[in-house]
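S.K.: Mind looking over this structure? Questions follow.
A short reminder: the numbers here are calculations on the coordinates, not readings from a lab. Everything quoted here is computed from the prediction, not taken from an experiment. As a convention, Cβ positions derive from the backbone with ideal geometry for all residues, glycine included, and neighbour counts pool all protein chains shown.
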Amino acid sequence: MPRTITDIVIHCAATPNGKPFSREQIDAMHRQRGFQRQPAAITRYQPELKHALPSIGYHWVLELDGHAKLGRHPEEIGAHVQGSNAKSLGICLIGTDSFSLAQWSTLRLLVSSLRQTYPAARIRGHRDFSPDLDGDGVIERHEWLKICPGFDVQTWLDGGMKPAAGHLLSQP
C-alpha cells in the first residue's frame, strides 16, 4: 500500500546560486548531519543505488540544467522536514534563492505530476513548517526557522507556477 502523502515540500540546497551542485554532494552533506537511509528501502526501491546515496534526505534534486535526479524513492520516508517526513515528499532546487529557467520549468512539471498522484497534498515551502510563534495563524518572516526555498511557494502557485519574480537566474 502506498504511503499517504499530505505535503509536497519545496526546498533549496542553500548553495551558491548558479553554481553546480550534485545529489552526491547533497548526500555527503546529509551524511555529515547524521542522516541515514534504511538499507532495506534502498534494496527494495533502488537496488541500482545500493552503494550510492546512503544518506540523501530529498526525493528529488533539481539541477541547474533542469534535470530531476531521484534521491530517495517516493515510497521511502524522507529526511527533509523534521517531524513531517512520514507523510511528505521533498524536492530540492540547487541554489539558495535564484534558480534557472530550466529548474523552474522542471519544478512546475514535477509539482503538476505529483498533484495528479497526490491530489489532496499541500504544496509548501520548507519555511512554511516553521512554528507560528505568535499564534495568529500566519507564519510570518520573523518566525521562519529557515528561508528555504528562498521564495514564497504559495505566491508561486497562485501566479501559475511561473518563475517567481526576482528569483530567476540571469541567463549567460
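S.K.: Excluding residue 100 itself, what net charge comes from residues whose Cβ is under 10 Å from its Cβ, given Lys and Arg +1 and Asp and Glu -1? Can you show the working numbers first?
M.R.: Numbers: positive: none; negative: 63, 65.
So the environment of residue 100 carries a net charge of -2.
S.K.: Residue farthest toward the positive end of the dipole of the chain, with Cβ of Lys/Arg at +1 and Asp/Glu at -1: which of 15, 86, 144?
M.R.: 86
S.K.: Return 100, 84, 55, 22 ranked ascending by Cβ neighbour count within 10 Å, so the fewest neighbours appear first.
M.R.: Numbers: 100 23, 84 16, 55 19, 22 13.
With the sparsest Cβ surroundings first, the list reads 22, 84, 55, 100.
S.K.: Taking loop as defined by DSSP and a crowding limit of 15 other beta carbons within 10 Å, which trypsin sites (Lys or Arg not before Pro) in the range 1-99 fit? Can you show the working numbers first?
M.R.: Details: sites: 3, 23, 31, 33, 37, 44, 50, 69, 72, 87; in loops: 3, 33, 37, 50, 72.
The qualifying sites are 3, 33, 50.
S.K.: Can you give the % of DSSP beta bridges in the chain that are antiparallel, to the nearest 5? Each step should come with its number before you reach the end.
M.R.: Working: 3 of 17 bridges.
The antiparallel fraction comes to roughly 20 percent.
S.K.: Please give me the summed charge of the neighbours of residue 58: other residues whose Cβ is under 9 Å from its Cβ, Lys and Arg +1, Asp and Glu -1.
M.R.: +2
S.K.: So, one more: Cross-chain or 8 or more residues apart, Cα under 25 Å: how many lysine pairs in the chain fit that? Count them up, please.
M.R.: Lysine pairs satisfying the spacing and distance rule in the chain number 10.
S.K.: Assuming a ≥ b ≥ c are the square roots of the Cα gyration tensor eigenvalues, decide whether the range 3-160 counts as rounded (a/c under 1.5), prolate (otherwise, with a/b larger than b/c) or oblate.
M.R.: Details: a/c = 1.45, a/b = 1.31, b/c = 1.11.
Cα axes put the range 3-160 in the rounded bin.
S.K.: Quote the relative contact order of the chain in percent (integer), defining contacts as alpha-carbon pairs under 8 Å separated by 6+ residues.
M.R.: Working: 311 pairs, mean separation 48.8, N = 172.
Normalised by residue count, the contact order of the chain is 28 percent.
S.K.: How much net charge surrounds residue 79 when only the other residues with a Cβ under 9 Å from the Cβ of residue 79 are counted, with Lys and Arg +1 and Asp and Glu -1? Intermediate results must be reported in sequence, preceding the final value.
M.R.: On the way: positive: 33, 37, 72; negative: none.
Once all neighbours under 9 Å are counted, the net charge is +3.
S.K.: Whats the longest run of the chain with zero GluC sites (Glu not before Pro) that are DSSP loop and have at most 15 other Cβ atoms within 10 Å? Show your work: numbers first, answer last.
M.R.: Numbers: sites that count: 75, 140.
Longest gap between qualifying sites, sites excluded: 1-74.
S.K.: Enumerate the residues in the range 34-74 having an amide nitrogen under 18 Å from the point lying 7 Å beyond the Cα of residue 19 toward its Cβ.
M.R.: Zone members listed by number: 62-65.
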